[in-house]
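These notes are about the structure you will find just below.
Read-outs: derived from the displayed coordinates by stated rules, not from any lab. Note that the structure is a prediction, hence the values are computed from the model and not measured. Counting neighbours? That spans all protein chains shown, and the Cβs are built from the backbone with ideal geometry, glycine included.
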Amino acid sequence: MGERLGSRKALTWAGDNAVTLVFVAFTVFGFMASDLSVGWFLGELMGRLYRNAFLVISLIIPVVAGLGLNFGIVVGAMAGQIAIVAVRFLDIGGLGGLMLAFLLAAPIAVLFGWLTGLLYNKTRGQEMIASLIVGFFANGIYQFLFLFVMGVIIKVPSTHPLIIPSAVGGEYGVGIRVTVDLGAADKGGLKYALDNIAKVPFLYAVIGIAAFILVLQVIRFVRSKKTAGAKVNKMSTIFNMVLCLVVIAVAAYSMSVRNSLSMVAKVPVVIVILIIALCIFTEWILKTKLGQDFKAVGQSQKIAEVSGINVDKTRIIAVIISTVLAAWGQIITLQNIGTLNTYTAHSQVGMFAVASILVGGASTSKATVKQALIGTILFNAMFIMSPEIGQAVFGQALLGEYFRTFMVYGVIGFALGLYVWKANKATKLTIE
Amino acid sequence: MLTERKKLSFKDIINGIGIPTLIIAAFFALILVIAHFYDLSVVTLLSDTVKRAGMNGLLVLAMLPSIQSGTGPNFALPIGVECGLFAMVLAIEWGFTGWGWFGVSVALSIVFAIFVGWAYGKLLNAVKGSEMTIATYAGFAICSFMCIFWLMLPFKSPNMGWFIGQGLRETIQLDAVGADMILNDLFGFWIGEEFYVPTGMLLFFFLCCFLVWLFFRSKSGIAISAVGSSNAFAEASGLNVNKNRVLANIISTILGAIGIIVFSQSYGYLQIYTAHLNIAFAAVAGILIGGATASRAKVSHVIIGVFLFQGLLTSALPVANQIFAGTDLSEIMRMIIQNGFILYALTQVKKGGK
């Protein structure tokens, strides 16, 4: 009896984490099928993690507030891009320019977030499809701003580096260029303005972080001894400690023999600090009064309303926070990439971020920082791996690229579908 | 007394058609007037409008059954479209040309669409309440899955393959199988020098509209509408809600599948891979512009909507290019109007309130 219960429990666990497990299996398979070097893979993966983590974490608060997965962070990304174009347009570079971009992006993103929040309050129950469509809609307005207002209404000389020169050789150009070069930070541009502040070799960073976690775990272990906490808790603490030690040992060994792990690109310290700060901020805000309101509204809007919470306002605040974070996340991403594809850079942001957090095991009603980080890692591992597998197994990299697009859409469709199906089944059970 | 009655009826007409529809109609008329003053041929624009409306008509009509059954507009239109595409590709591979190609394509696509639509309907029944979001991603997923499929198909027809390597071409020319504009040119004729009437395609579109109209007056059609207006009520009166929703989505998928065949023959090219990824949104906007809501639609909405929306798109392009050379204003306008209408419809959905 107990055994059967155990196996059933394991099955439910596998069912709940199906998407995550598929991605782990896929990554492992990728390593077996292709002859990728671990060092190169890790380098690519870490680069993508620094770039995308901020955007993925920005999804958490709307989920907690019951708005579902906010595909509308595309609108936030647009706010970030508008700020970047403005800064480039005024030709302010370096760290100061980037800071200005952060500053400029905030009010724009607050406005956009407020507007989309109003819309979500009008499309209650259909927020996710509304957030997807609002991204398309905003794209139209964004293009109107950059392709029409800039040039036709605000006259800009053809010679400006950001403007598409007039086709008929006129004095004024029309529209912002399709690709805007952000320029190197040390030469008055924005590229690597944050990355280059401080960099630490990858393995040092690994050892540092692992040691930090180890210390935390030791403190926790000592404390739990005093309070005589649960045995399971203690076990997991010991497990974590061992894991940290193993990581430190591997890193130290790699450093001494200089294997491919020591070739992984250096870690941009400021970005990592920003990501960690965002994680702490997200955890912190959920513990405040506002965070409790988010949770209450997410649980049941009716009950929240009755207990005196302004539901509409709370939801709008959640969307505004998410939008501002997405705007900053997009700026962080772009200063790392170094060029802005003015009309396409934002278009996939929402889709990829949502797919990432779902891969980490989040759902439309529950999302944590841990899920966001695990999801970002696994999703990007799949992203790097797909063309390699396509090449190794089928001799066609293109196949792998189609496959990864399929995975993006498939994951979102599958994870959302599974969640709704379970929820519907549960409500049916309670009614019966 | 008389004037009052007249006033009332005028108001009734406006409310009957719907203010959003009238705004778009006025905008369309305005663009035609501007075109006239910029020396563009209004007759040519209208001729293009008719052609584009006929091309997209069935795809918009595909929205009707799913809206009526309560699953919302069929955002998973790519599913039906892929059935049609596969049918056409198979017909080419088997060497059919001309009318044989058209007939085989339509017949095959119906067969595929019945199976696929059935499975899709079952999926929608499992995710009641979030149909539109799930449908969108189901459509995207199928479309990108088919990309892998197109790349791996071991077809031999020289009309479809790449010159080197495996898989199918991105665009397949239909004049190679003698099917370019085949339906358009059936009884097609010119009025004057600038207006071409694609009689065959229009007849086919109106025939399908008539059949759908007829179906929704039959017993099973009324059952679908009843299920759509209230699940609880329909269940109480002994209707099988799930079965009717599946039936409606099978019909919708079939219409999408045939729709893309009509579209492709008029376009002259068969586009596969990701060309039709976002096809659903234009179709959804089409029926909404005609006056439908996310939960109620009529055949008249389809016809009005497709002519207005496609007319607006076709005529805005040359006019915008004439006035503001070098800008992409008509594409921007399309994005704003299309998605604006979908958002407006979503705000009218009265589900899952506080």
* Asked: With the radius of gyration and the Kirkwood radius both derived from the Cα set of the protein assembly as shown, what is their ratio Rg to Rh?
  -> 0.98
* **Per-peptide average of other Cβ atoms within 10 Å, ordering A:171-177, A:319-325 highest first** => A:319-325, A:171-177
* Percent of Cα-Cα pairs per 10 Å bin, from 0 to the last occupied bin, for chain B, please list those. => 5, 23, 32, 25, 11, 2, 0, 0
* Please state the charge dipole magnitude for the stretch B:52-277, taken about the Cα centre, from unit charges on C-beta atoms (+1 on K and R, -1 on D and E), reported in debye and rounded to the nearest 20. => 780 debye
* Please go through the stretch B:182-291 and write out the trypsin sites (Lys or Arg not before Pro) that DSSP classes as loop and that have at most 13 other C-beta atoms within 10 Å. => B:217
* To do: Express the relative contact order of chain B as a whole percentage, based on alpha carbon pairs under 8 Å and six or more residues apart in sequence.
  => 31 percent
* Among B:27, B:307, which comes first, then next, by fewest other beta-carbon atoms within 10 Å? -> B:27, B:307
* Taking the Cβ of each residue in B:253, A:282, A:344, B:44 as the centre, tally the other Cβ atoms inside 10 Å and list the residues starting with the fewest. => A:344, B:44, A:282, B:253
* What does the average come to when, for each residue of peptide B:151-157, you count the partner chain Cβ atoms lying within 10 Å of its Cβ? -> 2
* Just how far, in whole angstrom, is the stretch B:90-164 from the stretch A:170-207 if you go by their alpha carbon centroids? -> 44 Å
* Structure fact -> Inter-chain shielding metric for A:141-152, i.e. average beta-carbon neighbours from other chains within 10 angstrom, reads 4
* **the stretch A:290-398 pair-distance distribution - Cα-Cα, 10 Å bins, rounded %** => 12, 29, 32, 17, 7, 2, 0
* In the protein assembly as shown, with Lys and Arg counted as +1 and Asp and Glu as -1 at Cβ, which of these residues, A:331, A:37, A:25, has the Cα nearest the positive end of the dipole, that is, farthest along it? -> A:25
* the protein assembly as shown - charge dipole about Cα centre, Lys and Arg +1 at Cβ, Asp and Glu -1, debye rounded to 20 -> 3300 debye
* How would you classify the stretch A:202-265 from its alpha-carbon gyration tensor, with a ≥ b ≥ c the square roots of the eigenvalues: rounded for a/c under 1.5, else prolate if a/b is greater than b/c, otherwise oblate? -> prolate
* Asked: What is the stretch A:80-173 by shape, rounded, prolate or oblate, if you read a ≥ b ≥ c off the alpha carbon gyration tensor as root eigenvalues and call it rounded for a/c under 1.5, prolate for a/b larger than b/c, and oblate otherwise?
  -> oblate
* **B:157, B:218 arranged by Cβ crowding within 10 Å, fewest neighbours leading** => B:218, B:157
* **Solution diffusion estimate, µm²/s, Stokes-Einstein, chain A, Kirkwood Rh from C-alpha pairs, 20 °C, viscosity 1.002 mPa s** => 90 µm²/s
* Asked: When we measure straight from the Cα of residue A:187, which aspartates and glutamates land under 18 angstrom away, once same-chain ones fewer than 8 places off are left out?
  -> A:91, A:195
* **Signed unit charges on C-beta, dipole axis of chain B, positive-most listed residue B:227, B:290, B:205** => B:227
* Take the alpha-carbon centre of the stretch B:303-324, take the same for the stretch A:12-64, and report the distance between them in whole Å. => 45 Å
* Towards the positive end of the charge dipole of the protein assembly as shown, with charges on Cβ (+1 Lys, Arg; -1 Asp, Glu), say which of A:83, B:161, B:312 has the farthest Cα. => A:83
* Asked: Considering only Cα-Cα distances, which of the following residue pairs are longer than 19 Å: A:287/A:370; A:287/A:366; A:425/B:219?
  -> A:425/B:219
* Per residue of B:334-345, what is the mean number of Cβ atoms on other protein chains within 10 angstrom of that residue's Cβ? -> 5
* Structure fact -> Log10 I(q)/I(0) at q = 0.19 Å⁻¹ for the stretch B:109-182, from Debye over equal alpha-carbon scatterers, is -0.93
* Structure fact -> Gyration tensor on Cα atoms of the stretch B:245-337, a ≥ b ≥ c root eigenvalues, a/c under 1.5 rounded, else prolate if a/b beats b/c, else oblate, says oblate
* Relative packing of peptides A:299-311, B:55-67, A:331-343 - highest average C-beta neighbours within 10 Å first -> B:55-67, A:331-343, A:299-311
